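Visitor: I have a structure here, written as structure tokens, and I will follow up with some questions on it.
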Amino acid sequence: MLPATVLKPAHPEEIIFQSIAILTTLTGIMTGYMLYYLYPHTIREWKQSEGLMAVRNFFFAGWRFDQLYDMLFVKPFVYITQISRNDVTDKIYSGIAEMHLQLNRFLSVSQNGSLRWYVAGVLIGILFIITLQILR
Amino acid sequence: MILLWMIVVLLAGGLLCWLSGRQSPAYARWTALLTVSTDMVLACCLCWLYHEFPDKSSWFINYQINWIPSMGVSLHVALDGFGMVLLLLTFFLGILAVLCSWNEIQERAGFYYFNLLWTLAGISGVFVAMDLFLFYFCWEVMLIPMYLLIILWGDSRRRYAAYKFFLFTQAGSLLMLLSILALYFIHGQQSGQYTFDYFELLRTTFQSNTAWWIMAGFMIAFTIKLPMIPFHNWLPDAHSEAPTAGSLLLAGLLLKTGAYGIVRFVLPLFPEASAAIAWWAMLFGVTGIIYGAVLAFSQTDIKRLIAYTSVSHMGFVLLGIFSFSEIAMQGVVMQMLTHGLSTGALFVMAGMLKERLHTRDITKMGGLWTSMPAMAEPLFYLQWHLPVYLCWVTSSQNSLYCSGPLQ
């Protein structure tokens, strides 16, 4: 035999919980007996009413818990994971690479094969060094 | 001496593979298998030595000969329990790596096994080197053959992946080299003895500011390897484009060298500085765990998926290391081993699937259970059960003890 469940002293006796459970079960059986055996036309009347049908469908859809959890948890999570599917932090590094390519394009304008540009470049360099020497 | 022999055996075996591979790929395969197996046997012999050693917590092999005496560089190798388990893992995964590329590699097999064995030599060198110059040398020996493995035998986007891997890891190595040199000169000025020896350098005293900068160099190199976000970007690309054995070595061993480096070098050399950044390291660890998991969830490429779970798992390692508690540290070692085995196995399975299906896209892989039952079952277990069994213990060990200091 199983030992009796010991409850904390603050709670009512176990027998009260047991009777609530028994009463609920009996009420269920009673309701079924009344609706389907004694007064079957009641159900037919209920089926005419829109509000009650909505309640019935709501119960049949499992209180719509699936949709609720889908909205609350699944959809936001999938959304978040889809945003950075290709890893947003990758943008930092591809950005650095892109910046250097831009710099390359920008600076390679000066490498155009015309000697004037090169001579001018050398002259600017010489001027810079001489200025530094004079100002020192 | 035996530790140096292990590395020399791998290096020489690699050269032999290259030479014999010109005659026939089969020679190269068998040479590679024999070489790694020899090292495995040697490492197993070391287990007995370890058990006979009276004090199980210290260095049971410590060997030093001069290499470049004028610079204070020596071939100093030493082994304790931590190095021992990692060495065993290295050779075990090494044998697997040789075996799983047995039929996969048909082109230039000799050179392939040369690279594979040299990577292994570098990794085992990293785990035993107690001279920072030797450590750095082995660190590079492990990276460059790995780069060649990816760029020569990789998948369709192999050039991109290999360059990315190389740039990331080389940037980290450069910072580490600067730190090593700074350490060398500071110690030399303090004691008048210029040396790269780990045990000597441990006695250096720093001003807190200097310590912080030197530590940052080491930390960045190791966290790139670990990888910690936001330095993890090389990992999914390199893992997914590398040949199967390459992914196996990357996931199973190269990531462990980062964690090993933090435990072996960063914490003992800079105890105060690492305590100062512990909070940030833990924050990045946790971010990595979550970010890696979220990204793994949204991947459709099977190898990228496994790669992102690695980011997530190595976040646990970082978190555990910087919680500074003994049990968390044991959890870290366990996590390193279990992650090496389970992720390595997953990469082997992914490689087998890719070889058979010629795709890495999970959405095209339906119905494996009926078409390849022998394959699907281990995959299923590995994907869900093994990481759960093995990593759960270690992760919970980590997270339990990490939550301690935060409360």
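Visitor: Determine whether B:Ile229 is of a type in the set (Val, Ile, Thr), part of a helix (DSSP H, G or I) and out of contact with any Pro (no Cβ under 8 Å at 6 or more places or on another chain). Break it down stepwise before answering.
Guide: Numbers: of a type in the set (Val, Ile, Thr): yes; part of a helix (DSSP H, G or I): no; out of contact with any Pro (no Cβ under 8 Å at 6 or more places or on another chain): yes.
Judged against the criteria, B:Ile229 is not a match.
Visitor: So B:Thr257 ticks every box in (1) in contact with a Lys or Arg (Cβ under 8 Å, 6 or more places away or on another chain); (2) without any contact (Cβ under 8 Å) to a residue 12 or more places away in the chain but one. Which box is left unticked?
Guide: Condition (2) is where B:Thr257 drops out.
Visitor: Return only the number of the condition from (1) open to solvent by less than 40 Å² (accessible area, probe 1.4 Å); (2) assigned to a helix (DSSP H, G or I); (3) not aliphatic (A, V, I, L, M) that B:Trp30 does not satisfy.
Guide: (1)
Visitor: Would you point out which residue out of B:Leu235, B:Leu283, B:Leu248, B:Leu255 is at pLDDT 90 or above and within 14 Å of another protein chain (Cβ to nearest Cβ)? Can you show your working first?
Guide: Working: B:Leu283 fails: within 14 Å of another protein chain (Cβ to nearest Cβ); B:Leu248 fails: within 14 Å of another protein chain (Cβ to nearest Cβ); B:Leu255 fails: within 14 Å of another protein chain (Cβ to nearest Cβ).
Every option except B:Leu235 fails the conditions.
Visitor: Looking for whichever is open to solvent by 10 Å² or more (accessible area, probe 1.4 Å) and in contact with a Cys (Cβ under 7 Å, 6 or more places away or on another chain) here; the options are B:Phe168, B:Phe114, B:Phe137, B:Phe133. Which one fits? Let's see the steps before the verdict.
Guide: On the way: B:Phe168 fails: in contact with a Cys (Cβ under 7 Å, 6 or more places away or on another chain); B:Phe137 fails: in contact with a Cys (Cβ under 7 Å, 6 or more places away or on another chain); B:Phe133 fails: in contact with a Cys (Cβ under 7 Å, 6 or more places away or on another chain).
Exactly one of B:Phe168, B:Phe114, B:Phe137, B:Phe133 is open to solvent by 10 Å² or more (accessible area, probe 1.4 Å) and in contact with a Cys (Cβ under 7 Å, 6 or more places away or on another chain), namely B:Phe114.
Visitor: A follow-up question, please. Identify the single condition in (1) over 41 Å from the mean Cα position of the chain (by Cα); (2) surrounded by 11 or more Cβ atoms within 10 Å (Cβ to Cβ) that A:Met53 does not satisfy, given that it satisfies every other one.
Guide: Single failed check for A:Met53: (1).
Visitor: Related question: Scan the range B:182-235 for residues that are among the aromatic types (Phe, Trp, Tyr) and open to solvent by less than 40 Å² (accessible area, probe 1.4 Å) and jot them down. Explain how you work it out, then say what you get.
Guide: So the first thing to find is which residues in the range B:182-235 are among the aromatic types (Phe, Trp, Tyr), and the list is B:184-185, B:194, B:196, B:198-199, B:206, B:212-213, B:218, B:222, B:231, B:234.
The answer is B:Tyr184, B:Phe196, B:Tyr198, B:Phe218, B:Phe222, B:Trp234.
Visitor: Could you tell me how many of the residues in the range B:297-310 are facing chain A (nearest Cβ under 10 Å) and either open to solvent by 10 Å² or more (accessible area, probe 1.4 Å) or out of contact with any Ser or Thr (no Cβ under 7 Å at 6 or more places or on another chain) (or both)? Give the derivation first.
Guide: Restricting attention to the range B:297-310, the residues satisfying the condition of being facing chain A (nearest Cβ under 10 Å) are B:297-300, B:304, B:308.
Then keep just the ones that are either open to solvent by 10 Å² or more (accessible area, probe 1.4 Å) or out of contact with any Ser or Thr (no Cβ under 7 Å at 6 or more places or on another chain) (or both); that gives B:297, B:299-300, B:304, B:308.
Qualifying residue count, the range B:297-310: 5.
Visitor: Looking at the range A:85-116, which of its residues are within 14 Å of chain B (Cβ to nearest Cβ) and assigned to a loop (DSSP other than H, G, I, E, B)?
Guide: A:Arg85, A:Asn86, A:Asp87, A:Val88, A:Thr89
Visitor: Then there's this: Quick one: in the range A:56-84, of everything that is loosely packed, with under 11 Cβ neighbours inside 10 Å and at positive phi, which residue is nearest to the other protein chains (Cβ to nearest Cβ)?
Guide: Among residues in the range A:56-84 that are loosely packed, with under 11 Cβ neighbours inside 10 Å and at positive phi, the one nearest to the other protein chains (Cβ to nearest Cβ) is A:Gly62.
The values are calculated or read from the model by the stated rules, or taken from the named source; none is laboratory data. Since this is a predicted model, take the numbers as computed values, not measurements. All Cβ positions, even for glycine, are placed from backbone atoms using ideal geometry, and neighbour counts span all protein chains on display. Calculation scope for accessible area: heavy atoms of the full protein, side chains included, ligands and nucleic acids excluded. Shrake-Rupley method; radii C 1.70, N 1.55, O 1.52, S 1.80 Å.
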